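Notes to accompany the following structure.
The values are calculated or read from the model by the stated rules, or taken from the named source; none is laboratory data. Nothing here was measured: the structure is a model prediction, and the numbers come from that model. All Cβ positions, even for glycine, are placed from backbone atoms using ideal geometry, and neighbour counts span all protein chains on display.
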Amino acid sequence: MAKRLVMHVDMDAFYASVEQLDHEEYRGKPVIVAGLGKRSVVSTCSYEARKFGVRSAMTTARAMQLCPQGIFVEGNFRRYSEVSREIFKIFDRYSPVVEPLSIDEAFLDLTGMERLMESPRQYAMKLKEEIRARTGIVASAGIAPNKFLAKLASDLEKPDGLTIIEEDRVQEVLAPLPVSRIWGVGKKSNQVLADMGIMRIGQLLQADYRQLERRLGPSMAKHLYALSRGQDDRPVAPREPAKSIGNEITFPEDIQGQEAAEQVLLELSVKVGWRLRQAGVRAKTVHIKVRKHDFTTFTRQKQLAEMSGFDNDIYRAARELFRELGIFYGIRLMGVSASGFDAHEEMSLFAADNAKQERLYDAIDSINKRFGSLGITRANLLR
């Protein structure tokens, strides 16, 4: 059996890189993609912003304190998805088995492909160069005998990194790294290990296993034992197709009133309709999610009379469910999603009586692809 060979590829500061790609005036400057509300957080930031201490998942307010000169943008997720699709098309040409981890990273199984490449390093360099040439985005890559090591390797020399961890060098690479580099080690477990005098992976290798079990539990102890030794048997496996498509939003201040809430439902329905059409599917069931200020959460669903990917149909069903629920005040979060996809017919095979509506949405989608999310939209959403 051929030895396993896995490559992990990760785009460097992806959202911020796309913004810098599309806006020449942003290049070389601290760009921070984040929500701009009171409860918002940073999605990602450019390496120029990271020099000021800004990091993903940090609150936007804190990022503004650290980097007041930063360029804060809410982001264009349709554009990010567009670039992502181009990148994944490239991945598919380099490996028959690609496992997406997110919009900007994936595992590629290279096992048994040695005859197709001059060397693993040359193969990764070629992939990185093609991504940059076709999309303008810089990627980092890591190659190793398994997924854990490949993902760790891709993060060692960012940005624009390429690290290969060979089987006989695993312990040499792992030993000096902080234990926080191990997947699954968060703040709490990191503190427990620190209390035990374990700061580095090399120290973890020497730890008493029974003590680890007592302090962290059997499952975590087993996890740490394996990964600290570079052991990971998980296969690279393509993810199953999405079973639902949705959007939700948490409000900076609780929504008060039916009209304001239904305005949000309309906005969410438009986004869901767009994503359905881009995926080339129609849905049978519409779901809504409403969370009150006390975190009580309600979900409702309704089947459509016919499969649809049209905003109007999604919104009508969502609005009906919302009115039946009867919660119009003190709303902290709202969500709309669709499921029950038609996987056998393309959107272009709608019934003849829907042809006019289909042409309308094709035109709207084409304009929005070119000019962004509000190239053309409903008048109600401009309020």
PRO68 vs. criteria touching an Asp or Glu at 6+ places or on another chain (Cβ under 9 Å) and part of a loop (DSSP other than H, G, I, E, B): no
Expected single match for closer than 30 Å to ARG234 by Cβ, crowded, with 17+ Cβ neighbours inside 10 Å and out of contact with any Leu (no Cβ under 9 Å at 6 or more places or on another chain) among ILE71, ILE32, ILE87 is ILE87
Return the residues of the stretch 1-43 that are in contact with a Phe, Trp or Tyr (Cβ under 9 Å, 6 or more places away or on another chain) and on the phi > 0 side of the Ramachandran plot; say none if nothing qualifies. ALA13
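It is to be established whether one or more residues within the stretch 23-33 are in contact (Cβ under 8 Å) with a residue 24 or more places away in the chain, under 30 Å from ASP168 (Cβ atoms), aromatic (Phe, Trp, Tyr) and not in a loop (DSSP other than H, G, I, E, B).
No, the conditions are met nowhere in the stretch 23-33.
State yes or no: is LEU101 surrounded by fewer than 15 Cβ atoms within 10 Å (Cβ to Cβ) and of a type in the set (A, V, I, L, M, F, W, C)? Can you show your working first?
Working: surrounded by fewer than 15 Cβ atoms within 10 Å (Cβ to Cβ): yes; of a type in the set (A, V, I, L, M, F, W, C): yes.
So LEU101 passes the test.
Can you tell me which residue among ASP109, ASP92 is touching a strand residue (DSSP E or B) at 6+ places or on another chain (Cβ under 7 Å), acidic (Asp, Glu) and buried (at least 19 other Cβ atoms within 10 Å of the Cβ)? If you could, list the steps in order and put the result at the bottom.
Working: ASP92 fails: buried (at least 19 other Cβ atoms within 10 Å of the Cβ).
Criteria check complete, one pass: ASP109.
Condition check ((1) closer than 24 Å to ILE249 by Cα; (2) in contact with a Pro (Cβ under 8 Å, 6 or more places away or on another chain); (3) at pLDDT 95 or above) across all residues:
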site	(1), (2), (3)
GLY37	yes, yes, no
SER56	yes, no, no
GLN69	no, yes, yes
ASN76	yes, no, no
TYR80	yes, no, no
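Give the stretch 258-303 a look and list any residue that's of a type in the set (A, V, I, L, M) and part of a helix (DSSP H, G or I), or say none. Before the answer, list the steps.
Restricting attention to the stretch 258-303, the residues satisfying the condition of being of a type in the set (A, V, I, L, M) are 260-261, 264-266, 268, 270, 272, 276, 279, 281, 283, 286, 288, 290.
ALA260, ALA261, VAL264, LEU265, LEU266, LEU268, VAL270, VAL272, LEU276, ALA279, listed by residue number.
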